[in-house]
Amino acid sequence: MRKNYLISLITLVIVWSCSGDFNETFKTVFKYNEAANITSLDPAFARDQSLIWADNQLFNGLVQLNDKLEILPSVAASWDISADALTYTFHLRRDVLFHESPAFKDNKTRRVVASDFVYSFKRITNPKVASPGAWIFNNVWSSDGNYAFEAPDDSTFRITLKQPFPPFLRLLSMQYCSVVPKEAIEYFGSSFRSNPVGTGPFYLKLWKEGVKMVFLKNPRYFEFENNQRLPYLDAVAITFVADKQSAFLEFMKGKLDFMSGIDPSYKDEVLTREGKLKPKYENRLRLVTLPYLNTEYLGFMVDPSREATKGNPLLDRRVRQAINYAFDRGKMIRFLRNNIGTPGFYGITPCGLPSFDSTHIYYSYDPEKARKLLSAAGYPRGIGLPAITLTSTSDYLDICKYIQFQVAEIGIEMKIETSPPAAVKEMKAQGKLAFFRASWIADYPDAENYLSLFYSRNFCPQGPNYTHFSNKAFDGLYEKSLSEVNDSLRYHYYRQMEEIMMNEAPVVVLYYDQVLRFVGKNVSGIGINPMNLLTLKRARKG
């Protein structure tokens with residue numbers, strides 16, 4: 001143990017010493033730690049938050065989202081949508097350049113043209129690339145594998161869909177949809193992951209894998225603010241210290257400028273029970289919070305044909321509803337999460353989306369109603385009810401034990417099994433769990449992303465319907481909403497779908513998460529958004 005400690009200490013000294021040397025070279029360096037590591041800087045594989053954050057500094061797509069989740073131009077200066085909502089025509093800027101790279105030989109760089117988007121999007125859909133973002137283009141018209149991506153000229157890019165899909169522009173804001181040059185992919189091959197060539201406000205200068213990554217300011221970046229070219233920072237330095245407590249201590253010493261989220265091991269040191277920054281840190285830090293598009297829930301497999309559900313009392317809707325009423329979400333949030341998050345009274349759609357409905361409470365704490373439901377299901381006071389097993393990861397054990405204690409009060413015996421995250425994820429995806437803890441972080445900011453979890457054609461393992469919920473009325477409304485371009489009417493369909501699903505109770509919504517950011521007092525302009533996207537092009541330090 002002593003040996004491992006010394007190795008960790010030496011590693012930290014090396015990492016932070018490097019930070020100091022680097023900081024002397026440039027005026028403004030924004031520093032943060034990425035405990036989850038970064039495995040690739042190829043946007044085709046931007047699946048995890050650590051990769052998405054890094055790629056967001058290096059690449060651009062056709063469109064982007066602001067902190068209010070509004071769609072803004074990026075490489076596309078403007079766009080038109082046809083009357084039938086099937087054809088999207090993008091008009092590209094003429095001043096967007098790729099980062100300098102040996103892939104361009106003597107020219108060093110070149111302008112982005114429409115054919116670059118044709119190439120980039122076809123690359124995402126290429127089975128040989130195996131990009132996890134290929135699903136984005138499932139609704140794009142195709143024939144024999146040829147997708148309807150067209151470039152009539154250098155400044156015009158066109159996409160044709162099979163059927164209308166109102167959230168499509170939001171899909172295009174994902175990092176998967178970044179533009180990359182064909183020359184760089186061919187020049188670097190598989191090593192493009194560590195030699196990214198994008199158009200973003202920063203470019204890669206250094207990557208010592210597992211230790212440090214450095215981005216430098218792109219002097220040719222195309223976006224301006226108040227007649228000043230972005231970005232304002234000279235550089236971004238990312239370290240990869242896996243121990244969150246060590247990184248937290250470095251942040252407190254001022255050696256890091258930013259920290260996202262908070263580990264349970266030190267949350268009580270920094271936050272009050274009400275989720276506010278403790279007074280002793282107010283002169284050094286700023287705490288910024290916002291609803292996060294992440295819903296934490298418990299899921300029930302409701303498909304009687306599955307092996308996991310044979311003889312399981314959870315197939316009875318009344319038992320599932322009883323569990324929903326049997327525990328106090330408000331106390332859970334306050335005492336286990338220091339008020340970080342909103343109790344899950346409403347539905348699967350989280351706070352932060354425009355279709356979120358805070359007027360309709362589906363399940364609040366009502367143990368008497370829970371007892372009545374159990375009796376109606378044939379289990380008065382829980383008599384005759386077999387023990388049920390909840391599968392979770394160890395990092396949610398405190399919440400699971402809290403629920404276990406509370407449901408026992410109405411006569412439900414609940415056992416808890418913990419497994420590694422990868423194992424839980426695999427068993428859930430294969431439909432092998434009868435009762436499990438899960439979460440859904442939005443891929444794109446539209447409630448359809450959450451409601452798709454309950455569409456019958458999305459049964460796992462092919463899709464994300466891990467509960468195998470199936471309801472004809474729900475499916476009909478879901479399909480109807482896909483072709484509705486009027487937001488108000490589409491949101492009306494969403495709420496109808498939510499009501500059907502929540503009454504059937506294939507899930508227990510626990511809470512809606514919050515984005516939690518700690519920032520040094522000398523840092524500004526980072527912004528905060530419900531997607532928890534890190535955008536540094538407007539960040540200032542000093």
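Six or more apart or on different chains, Cβ atoms under 6 Å: show the pairs whose first residue is in segment 404-421 and modelled with pLDDT of 95 or more and whose second is surrounded by fewer than 19 Cβ atoms within 10 Å (Cβ to Cβ) and of a type in the set (Lys, Arg).
Partner pairs satisfying both residue conditions: GLY411/ARG381.
Please determine whether any residue of segment 217-233 is hydrophobic (A, V, I, L, M, F, W, C), surrounded by fewer than 20 Cβ atoms within 10 Å (Cβ to Cβ), modelled with pLDDT of 95 or more and in a strand (DSSP E or B).
Yes, segment 217-233 has at least one match.
Select from segment 448-463 the residues that are surrounded by 21 or more Cβ atoms within 10 Å (Cβ to Cβ) and out of contact with any Pro (no Cβ under 8 Å at 6 or more places or on another chain) and list them in ascending order.
LEU451, TYR455
Being without any contact (Cβ under 8 Å) to a residue 24 or more places away in the chain and of a type outside the set (Phe, Trp, Tyr) is true for just one of SER131, SER142. Which residue is that?
SER142
Could you tell me how many of the residues in segment 417-447 are farther than 15 Å from ASN294 by Cβ and surrounded by fewer than 16 Cβ atoms within 10 Å (Cβ to Cβ)?
Summing the residues that are farther than 15 Å from ASN294 by Cβ and surrounded by fewer than 16 Cβ atoms within 10 Å (Cβ to Cβ) in segment 417-447 gives 9.
Okay, residues lined up against (1) more than 28 Å from the chain's Cα centre (by Cα); (2) of a type outside the set (Ser, Thr, Tyr); (3) farther than 27 Å from PRO313 by Cα:
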{"position": "MET332", "(1), (2), (3)": "no, yes, no"}
{"position": "GLY344", "(1), (2), (3)": "no, yes, no"}
{"position": "SER358", "(1), (2), (3)": "no, no, yes"}
{"position": "TYR362", "(1), (2), (3)": "no, no, no"}
{"position": "LYS369", "(1), (2), (3)": "yes, yes, no"}
{"position": "LEU374", "(1), (2), (3)": "yes, yes, no"}
{"position": "GLY382", "(1), (2), (3)": "yes, yes, no"}
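Let's see how each residue does on (1) free of Cβ contacts under 8 Å to residues at least 60 places away in the same chain; (2) touching an Asp or Glu at 6+ places or on another chain (Cβ under 9 Å); (3) in the same structural domain as MET414 (by TED's automatic domain parsing); (4) surrounded by fewer than 20 Cβ atoms within 10 Å (Cβ to Cβ):
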{"position": "ARG318", "(1), (2), (3), (4)": "yes, no, yes, yes"}
{"position": "ILE323", "(1), (2), (3), (4)": "no, no, yes, no"}
{"position": "ARG329", "(1), (2), (3), (4)": "no, no, yes, no"}
{"position": "ARG334", "(1), (2), (3), (4)": "no, yes, yes, yes"}
{"position": "ILE340", "(1), (2), (3), (4)": "no, yes, yes, no"}
{"position": "PRO343", "(1), (2), (3), (4)": "no, yes, yes, no"}
{"position": "GLY352", "(1), (2), (3), (4)": "no, no, yes, no"}
{"position": "HIS360", "(1), (2), (3), (4)": "no, yes, yes, yes"}
{"position": "TYR363", "(1), (2), (3), (4)": "no, no, yes, no"}
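Select, from PRO166, PRO152, the only residue that is surrounded by fewer than 19 Cβ atoms within 10 Å (Cβ to Cβ), assigned to a loop (DSSP other than H, G, I, E, B) and assigned by TED's automatic domain parsing to the domain that holds ARG93.
Checking each option against the conditions leaves just PRO166.
Would segment 386-399 turn up any residue that is without any contact (Cβ under 8 Å) to a residue 60 or more places away in the chain and over 26 Å from the mean Cα position of the chain (by Cα)?
Yes: one or more hits.
Considering (1) buried (at least 19 other Cβ atoms within 10 Å of the Cβ); (2) of a type in the set (A, V, I, L, M, F, W, C); (3) over 25 Å from VAL270 (Cβ atoms), say which one ALA387 fails and leave the rest.
So ALA387 meets the others, but not (1).
Residue check: is HIS91 over 21 Å from SER483 (Cα atoms), touching a residue at least 12 places away in the same chain (Cβ under 8 Å) and assigned to a loop (DSSP other than H, G, I, E, B)?
No.
Would you be able to say whether some residue in segment 194-201 is surrounded by fewer than 21 Cβ atoms within 10 Å (Cβ to Cβ), modelled with pLDDT of 95 or more and assigned to a loop (DSSP other than H, G, I, E, B)?
There is at least one residue in segment 194-201 that is surrounded by fewer than 21 Cβ atoms within 10 Å (Cβ to Cβ), modelled with pLDDT of 95 or more and assigned to a loop (DSSP other than H, G, I, E, B).
Quick one: which of PHE327, PHE356, PHE335 is assigned to a loop (DSSP other than H, G, I, E, B), modelled with pLDDT under 95 and over 16 Å from VAL515 (Cα atoms)?
One residue alone meets the criteria, PHE356.
Quickly run through segment 274-316 and pick out the residues that are polar (S, T, N, Q), in contact (Cβ under 8 Å) with a residue 24 or more places away in the chain and more than 30 Å from TYR444 (Cα to Cα).
Hits for segment 274-316 are ASN283, THR309, ASN312.
With respect to the numbered conditions (1) under 22 Å from the mean Cα position of the chain (by Cα); (2) assigned to a loop (DSSP other than H, G, I, E, B); (3) modelled with pLDDT under 95, which one is the sole condition not fulfilled by VAL179?
Only one criterion is unmet by VAL179, namely (3).
What's the number of the only condition in (1) farther than 19 Å from THR156 by Cβ; (2) assigned by TED's automatic domain parsing to the domain that holds ALA114; (3) loosely packed, with under 15 Cβ neighbours inside 10 Å that LEU65 fails to meet?
Only one criterion in (1) farther than 19 Å from THR156 by Cβ; (2) assigned by TED's automatic domain parsing to the domain that holds ALA114; (3) loosely packed, with under 15 Cβ neighbours inside 10 Å is unmet by LEU65, namely (3).
Examine segment 367-384 for a residue that is in contact with a strand residue (DSSP E or B) (Cβ under 8 Å, 6 or more places away or on another chain) and either among the aromatic types (Phe, Trp, Tyr) or surrounded by fewer than 18 Cβ atoms within 10 Å (Cβ to Cβ) (or both), and state whether such a residue exists.
The answer is no, given that none of the residues of segment 367-384 is in contact with a strand residue (DSSP E or B) (Cβ under 8 Å, 6 or more places away or on another chain) and either among the aromatic types (Phe, Trp, Tyr) or surrounded by fewer than 18 Cβ atoms within 10 Å (Cβ to Cβ) (or both).
The values are calculated or read from the model by the stated rules, or taken from the named source; none is laboratory data. Just so we're clear, the structure is a prediction, and the values are computed from it rather than from any experiment. For neighbour counting, all protein chains shown are included, and Cβ atoms are generated from backbone atoms with ideal geometry for every residue, glycine included.
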